[in-house]
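The values are calculated or read from the model by the stated rules, or taken from the named source; none is laboratory data. All values derive from a computational prediction rather than experimental measurement. Virtual Cβ from ideal backbone geometry, glycine too; neighbours counted across all protein chains shown. We work out accessible area using only protein heavy atoms, side chains counted, and drop any ligands, DNA or RNA first. Shrake-Rupley method; radii C 1.70, N 1.55, O 1.52, S 1.80 Å.
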Amino acid sequence: MALPADWADRLTLPLIAAPMTGVSGPELVATACRGGVIGSFPTHNAATPELLDEWLTRIAADLTPEAAPIAPNLVVHRTNARLTADLDLLIAHRIELVITSVGSPAPVIEPLHRAGCRVFADVATLRHAERALAAGVDGLILLTAGAGGQTGSANPFAFVRAVRERFSGPLVLAGGISDGHALLAAQALGADLAYMGTGFIATPESLAREDYQAAVVAATLDDVRETAHIGGLPANLLTEWLDAHAAQQVSAGDFQTERLLGGQTVWSAGHSVSGVHGVIPAAEVIARVRREYHRARAALLETACK
Ligand SMILES: Cc1cc2nc3c(=O)[nH]c(=O)nc-3n(C[C@H](O)[C@H](O)[C@H](O)COP(=O)(O)O)c2cc1C
């Protein structure tokens, strides 16, 4: 495993509860971390830097040193007017891991490293992976086809293997993972950790509204459509919501930070929505994934070719 040794005893699954705009807040993050899963949330889910400060204090107060790390997500796009304020807060709160998305991680790496914080960057192409590594990130999150929210289009098998040829450090596979079988498969491929986003939307700890949670429970992967016309970048959304909000469409490529950061409720979900069958407490979701993961591992060992 390429993961830092100081995390080994604190993770009970090779899993990150992925950052989700409008979904991940203090309760979901703290529950994940208590359950041995790295808990992430986008800093912009706290409406102001002052609220972010409160959230970070509240989450830390809820956790013991044995809990899994929290991993705030910074949108590093040049149009993010809160970037410096949020970055300063993460440093002041001595965060262990920051996840960057939508843009180059380069400007935040040096200040975070100086504060002893690791930086993982999400990437959707090999070219972006190489650039992030050249900039000095500690780990990569590979966004692959079918991921909830902003997505990649690369095949996960090919993408993980291609990046592993170039990088032996921490790799996180994102997209389509909703149970212990898929989680084990991610490790078998060569990833150290996996992201699970969609699988945590329909939980009482999530910030998602009830109607969105109900739509996620009702949907299958056939009800997910990829479009670049809502946030300006390719993203997976529930078709039901897309059809009802056709008027909100923007041009592809026209990424609008204020749309993302403005807390607009977009019913996003990935292909893994097929694995969501009810509104279930996050601790129970984690316990189920853990059971499946161990059963899948035992079954695989029994059936593996000699
Ligand atoms: C509702 C929703 C909102 C998301 N918002 C963010 C975000 O703010 N920042 C980010 O880096 N990724 C965001 N994502 C992507 C997730 O972090 C992750 O890559 C994705 O959920 C993985 O695929 P899965 O949904 O199949 O597990 C979002 C995903 C969803 C479903």
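Using a 7 Å offset from the Cα along the Cα-to-Cβ direction at both R209 and R225, what is the distance between the two label points in nm, to one decimal?
Each label point is offset 7 Å from its Cα along the Cβ direction, giving 2.0 nm.
Please list the helices of the chain that count as membrane-span-like by this rule: a mean Kyte-Doolittle hydropathy of at least -1.0 together with Cα atoms stretching 30 Å or more along the helix axis, each helix being a complete DSSP H run.
282-303
Taking just the C-alpha trace of the chain, give me its Rg and Dmax in Å.
17.9, 58
Could you calculate the FRET efficiency of A134 with A60 from 1/(1 + (r/R0)^6), where r is the beta carbon distance between them and R0 is 35 Å, rounded to 0.05?
Approximately 0.60, to the nearest 0.05.
Could you calculate the contour length gain from T48 to N155, that is, 0.36 nm times the residue separation minus the distance between their Cα atoms, to one decimal place in nm?
34.8 nm
Given labels modelled 7 Å from the Cα in the Cβ direction, how far is it in nm from T84 to T265?
Distance between the two pseudo-spin positions: 3.5 nm.
Using a Gaussian network for the chain with springs between C-alpha atoms less than 10 Å apart, which of these wobbles most: T100, T198, T239?
Largest GNM mean-square fluctuation: T239.
Add +1 for every Lys or Arg and -1 for every Asp or Glu among the other residues with Cβ under 15 Å from the Cβ of E284, and state the total. Each step should come with its number before you reach the end.
Values: positive: R34, R288, R290, R291; negative: E27, D179, E205, E292.
Value of the local net charge: 0.
Let's see if you can work this out: charge +1 on each Lys and Arg Cβ, -1 on each Asp and Glu Cβ, no other charges. What is the dipole magnitude of the chain about its Cα centre, in debye to the nearest 20?
Value, rounded to 20: 800 debye.
Please tell me the relative contact order of the chain in percent, rounded to the nearest whole number, where contacts are Cα pairs under 8 Å and at least six residues apart.
Details: 626 pairs, mean separation 55.5, N = 306.
Once normalised by length, the contact order is 18 percent.
Tell me, what is the percent relative contact order of the stretch 1-157, built from C-alpha pairs under 8 Å that lie six or more residues apart?
16
Using a 1.4 Å probe, what is the accessible area per residue for the chain, in Å²?
Per residue, the chain has 43 Å² of solvent-accessible surface.
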